[in-house]
Structures are given as C-alpha cells and as structure tokens.
Amino acid sequence: GLANVNGELWVTVRGTSTSHRGGTLKLVSRGFGGGSLDPAVGYDPFSYRLLHLLGDGLVAVEPVGGSTTRIVPDLAVSIPTPTDGGRTYAFELRPDKIRYSTGGLVVPSDFVRALERGFRLDADLGTSNYSDFYGGLVGGEACGSDPATCDLSQGIEADDEGGRISFHLVAPDADFVNKLTMPFAYPVPPSTLAKHHRNE
C-alpha cells in the first residue's frame with residue numbers, strides 16, 4: 001500500500017504469512033490520549049481508525065478512497081441474505097484457514113467470545129455500546145442486564161468444524177450487517193484477557 005502523509009510517501013511491506021508469529025505491538029504517539037487498541041473498547045476516532053488496520057471482521061466497509069460506505073465480505077465468503085423474516089444471518093468463513101498473528105486459527109466461536117467479552121467490558125467501563133449495537137441478538141438484552149453471566153449461545157450459533165456462524169435476532173434489523181463492520185465484532189482468540197487491554 002502507498003499513502004501520502006503530510007507530503008511524505010509511506011509504503012507498506014509484508015513478509016510471507018509464516019515469516020512472523022506473535023510479538024507485541026507498541027504504539028508511540030503524542031495524540032493518542034486515552035484511546036485503546038483493544039477492539040472491545042476502542043471507540044474514540046483515533047482508536048477506531050487504527051483498529052480497522054489491525055483486525056478484520058466478517059464484513060468490512062470497502063477499503064477505497066473517497067466517501068464510499070459499501071459493505072463487502074472480509075473474513076466471510078459472502079454477505080448473506082437474511083432469512084427467518086429478516087432475523088437470521090448465516091455466514092461462512094473463508095476456507096483459506098485465516099490465522100491470528102500468533103498462528104492460531106480464526107474460528108466462528110471467536111466471534112461469540114468477542115461479543116460476550118464486550119458486554120462484560122461495557123459494564124466495567126460504564127458504557128452501553130454493546131447493548132446499543134448488539135442488544136437485538138437473542139440473549140443480547142439479558143447480556144446487557146447481567147453482563148457477568150452473558151451467554152449468547154442462543155443468539156449466535158458457531159460451527160467451528162464447518163466454519164459457519166449464524167446470528168439470530170429478536171426482530172429484523174436492517175443495519176445489522178453494518179454493525180458487524182465495527183471492531184467490537186472482530187474475533188478474539190481464547191488467549192485474550194478477560195479484562196480491558198489498557199495502554200501503558
């Protein structure tokens with residue numbers, strides 16, 4: 001990728017997919033302030049822009065210049081047409097064995113983990129982002145009321161073996177696919193801390 005930043009050309013380079021595994025990302029910035037690189041809580045403008053560079057969701061806003069808001073598949077093979085009267089969205093993960101930077105495989109249950117963790121962190125931080133965006137999932141309202149016991153197993157069916165994930169809503173939501181573009185809905189591996197990854 002190429003980018004013009006204040007009159008300077010920035011170029012990205014990438015090694016092979018197995019040339020690097022794991023490590024620690026350190027961000028040095030004078031303007032980062034109280035932002036976070038934890039996808040469950042990074043909702044300020046600076047964090048939000050960075051998280052879209054660091055992670056992926058089932059779908060994404062098409063990464064092109066200008067003001068496009070077209071939603072495209074990212075980790076999913078395609079964007080499904082909702083069924084069950086607009087209340088069910090069934091996605092299939094890309095078959096090319098998507099991996100985290102550690103080498104671990106991304107599986108459908110990682111999306112469930114991310115959303116359940118997010119409801120719990122929302123309560124810890126005194127925000128209502130997850131209730132606002134994902135409270136329409138079956139079990140979402142209960143997660144908003146009692147985050148400590150959040151269980152979205154009825155609202156999200158994760159088939160790790162088959163690479164499929166289905167979201168069940170209590171009522172149709174025309175914006176649901178848009179909500180899945182947010183870092184809040186990015187998968188997290190089992191090694192992710194239950195608490196907020198705070199900046200130093």
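Each value in this text was obtained by applying a stated rule to the coordinates, not by laboratory testing. Quantities reported herein were computed from a predicted structural model and do not represent experimental measurements. Cβ placement follows ideal geometry from the backbone for every residue including glycine, while neighbour counts extend to all protein chains displayed.
If R0 is 25 Å, what FRET efficiency do you get for Leu2 and Ala171 from their C-beta distance, rounded to 0.05?
Working: r = 44 Å, r/R0 = 1.77.
Given R0 = 25 Å and the Cβ-Cβ separation, E is 0.05.
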### Mean separation of Cα contacts under 8 Å (6+ apart) over length of the stretch 53-137, as relative contact order %
15 percent
### Task
For the stretch 84-130 and the stretch 150-176, write down the distance between their C-alpha centroids in whole Å.
9 Å
### Query
For Ser145 and Val11, what does the FRET efficiency come to when R0 = 45 Å and r is the distance between their Cβ atoms, rounded to the nearest 0.05?
0.40
### Task
Within the stretch 150-200, list the trypsin sites (Lys or Arg not before Pro) lying in a DSSP loop whose Cβ has at most 16 other Cβ atoms in a 10 Å radius.
Lys195, Arg198
### Query
Stretch Lys97-Thr81 to full length: gain in nm at 0.36 nm per residue minus the Cα-Cα span?
3.4 nm
### Summary
With Rh as the Kirkwood radius over Cα pairs, the stretch 86-194 has Rg/Rh of 0.95
### Query
If you bin every alpha carbon distance in the stretch 40-106 into 5 Å steps from zero, what whole percent lands in each bin?
3, 13, 18, 21, 20, 15, 7, 1
